[in-house]
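Notes follow the structure.
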Amino acid sequence: MTDYKEEQHNELEALESIYPEEFSIISNEDPICFKMCIKAFNEKTEDFPEIVAKVDIQFTYVENYPDAIPLIEVSSNEILTDENVQELEELMLKEAEENLGMVMVFTLVSSAQEKLQEFVDNIKKGMEEEKRRREKEEEEREKKKFTGTPVTKENFLEWREKFNAEMSEMKKKTRNVLLIPKSKITGRELFEQDEKMILSDAAFIDSTDVDVEVDESLFQDIDDLELDDEEFKD
């Protein structure tokens, strides 16, 4: 006949020896209850903070353990989701069923430890993917600043039609200007069109320091010219 009490006490001593920091007894009285505190982590890097997942697994022996599955309760810190906790519980229950008849807490804790590390690795992987996604979005935004509208057949034809219309209008205005007869523009109209011309001569004289010299010899024989009074008047 199996001595369940002896097997249970022997397992407790072994667990306390293997996990001196993780193991803590809750009750030595029937039903015997104890807790295993396990954790998994990824170290802090320049790009990511330290990720630490902690889980408390409480085991309560039933009377005929290890021929029956012990009661298992799992609690964790905020790093894990409720789905993660449920997955841990289901994993250990499955392991317990496969190990009925043998003391199994060490096996269950080892499987939970591996799964916990898997959760942490997945959390870091998700953070890395999110970082790459943000970097890619930022890169795309920067590219758009230096990228024009791609040329397609449709937008090229639209641009050409608009360009031809603008050129046609420009040519029409130029042709209308060229057709205005110069003889129709009087001197007064010219001055009215450009007020700067009113002071152009004065500005020219004021802007030069060159003295104007008159050659008087050119006018010495003016009296010898035979001009009619009428021609002189003209």
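Derivation of every value follows stated rules applied to the coordinates shown; laboratory data play no part. It should be emphasised that the depicted structure is a prediction, and the values quoted were computed from it without experimental measurement. Here the Cβ positions follow ideal geometry from the backbone for every residue, glycine too, while neighbour counts run over all protein chains shown.
Would you mind checking segment 69-105 for residues with the amide N under 11 Å from a putative spin-label position 7 Å along Cα→C-beta of residue 118?
Correct set: 87-88, 91-92.
Setting aside same-chain residues fewer than 8 positions from residue 162, which lysines have a Cα under 24 Å from its Cα?
Residue 162 reaches 153, 171, 172, 173.
Using mean Cβ contacts within 10 Å as the protection proxy, how do 141-147, 117-123, 19-25 order, highest first?
Taking the mean over residues of other Cβ atoms within 10 Å, the ranking is 117-123, 19-25, 141-147.
What do the square roots of 5 times the Cα gyration tensor eigenvalues come to for segment 10-146, in whole Å, largest first, as semi-axes of the equivalent ellipsoid?
Here the semi-axes work out to 41, 15, 11 Å.
Under a plain spin-label model, where a point goes 7 Å from the Cα along Cα-to-Cβ, how far apart in nm are residue 77 and residue 167?
Taking the two extended label points, one gets 7.2 nm.
Determine the alpha carbon to alpha carbon distance for each of 44/136; 39/125; 54/125; 35/115; 44/115; 115/136 and list only those over 29 Å.
Those over the limit are 115/136.
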